[in-house]
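Structure, as structure tokens:
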Amino acid sequence: MQKIGFIFDLDGVIVDTAKYHYLAWKKLANELGFEFTKEQNEMFKGVSRKRCLEILLEIGNVTASQEQFDAWMVDKNVDYLAYIENMDESEVLPDVPRVLNFLKDNHIPIALGSASKNARPILEKVKLLPFFDSIVDGNNVTKAKPDPEVFLIAAENLGVPSNKCVVFEDAVAGIQAANAAHMISIGIGDQKVLSESKYNFNDFTEIDTDFLSKLLRS
Ligand code: BG6
Ligand code: MG
């Protein structure tokens, strides 16, 4: 049987950090004198920090020098780090540990494929770091999702061909990246939003052992 690998996105798949990203972006927007809504925050899912700030400034119709732009990127991250400082295991999304344990019990290689530059400390805080054979995050890529780079590096690190990798993603850009890498894309969240995914579940509680076993045999 050919080897199969599993790649997990972080934000919105393993932990619900979108709320903390939102609070940090909203704080910056408010300081710059405009509002930033939860609906607008949806556009930021799976999107790099730099691109998020570009979009935020477009929303507020704000222009900035490169120096100012870089300073706001730092400010946002300092605020974000303060929000996530006290995160612990209780913030892991339901049944994620069950699925990770199932894969480990079956000796399946597991990677993280995230746009975040804060991925490693978050996995440490929620005590899931030991599950991952490879961590590919915003520090390791030059091209953001929907480019497949992050997942292709993860597959290579796991030693698994791309078309034998399964990707869990909550963002449209992430599903597109997985599809572009010819991987099996599994959308976690609203099916209407993630319509390009091969399979879709609202969350991991809907992913049963039969489904996972079928993937392992595929
Ligand atoms: C993604 C999030 O996982 O990481 C985005 O969905 C975020 O909202 C991006 O902008 C970058 O994260 P960070 O932690 O490097 O600012
Ligand atoms: Mg995500």
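Things to note:
- Within the chain, helix-based [θ] at 222 nm, where runs of 4 or more DSSP H residues each add -39,500 (n - 2.57), nearest 500: -13000 deg cm²/dmol
- Segment 56-156 - percent of accessible surface contributed by carbon and sulfur, probe 1.4 Å: 49
- Prolate/oblate/rounded call for segment 18-84, Cα gyration tensor, a/c under 1.5 rounded: rounded
- Linear extension gain, residue 54 paired with residue 182, 0.36 nm per residue minus alpha-carbon span: 43.1 nm
- Of all DSSP bridge pairs formed entirely within the chain, close to 5 percent run antiparallel.
- Positive-end extreme of charge dipole, the chain - chosen from 162, 73, 22 (charges on Cβ): 162
- Carbon/sulfur fraction of accessible area - segment 171-213, other protein chains in place, 1.4 Å, %: 47
- For the chain, the solvent-accessible area works out to 48 Å² per residue, with a probe of 1.4 Å and every protein chain left in place.
- As computed over segment 135-188, the Cα convex hull volume per residue (Å³): 65
- Distant-in-sequence amide contacts of residue 5, defined by a placed amide H-H separation under 5 Å and a gap of 5 or more residues or a different chain, comprise 165, 166.
- What the phi angles of segment 49-63 give under the Karplus curve with 6.51, -1.76 and 1.60, with θ = phi - 60°, is a coupling list of 4, 4, 5, 4, 5, 4, 5, 4, 5, 5, 4, x, 6, 10, 10 Hz, glycine and proline written as x.
- About the centre of its Cα atoms, the chain shows a dipole size close to 540 debye [charges on the beta carbon of Lys, Arg (+1) and Asp, Glu (-1) only; nearest 20 debye].
- Efficiency of FRET from Cβ geometry, residue 42 and residue 67, R₀ 35 Å, rounded to 0.05: 0.75
- Prolate is the label for segment 67-218, because the ratio a/c of its alpha-carbon gyration tensor axes (a ≥ b ≥ c) is 1.5 or higher and a/b is greater than b/c.
- Once C-alpha pairs closer than 8 Å and six or more residues apart are averaged by separation and normalised to the residue number of the chain, the relative contact order reads 25 percent.
- Placed amide H near residue 135: partners under 5 Å, 5+ positions off or other chain: 112
- Sequence-ordered 3J(HN,Hα) estimates for segment 158-165 from the Karplus curve with 6.51, -1.76 and 1.60 and θ = phi - 60° stand at 7, x, 10, x, 3, 6, 10, 10 Hz, glycine and proline given as x.
The values are calculated or read from the model by the stated rules, or taken from the named source; none is laboratory data. Nothing here was measured: the structure is a model prediction, and the numbers come from that model. As a convention, Cβ positions derive from the backbone with ideal geometry for all residues, glycine included, and neighbour counts pool all protein chains shown. Ligands, DNA and RNA are stripped out before the accessible areas are found, and what is left, the full protein with its side chains, is counted by its heavy atoms. Shrake-Rupley method; radii C 1.70, N 1.55, O 1.52, S 1.80 Å.
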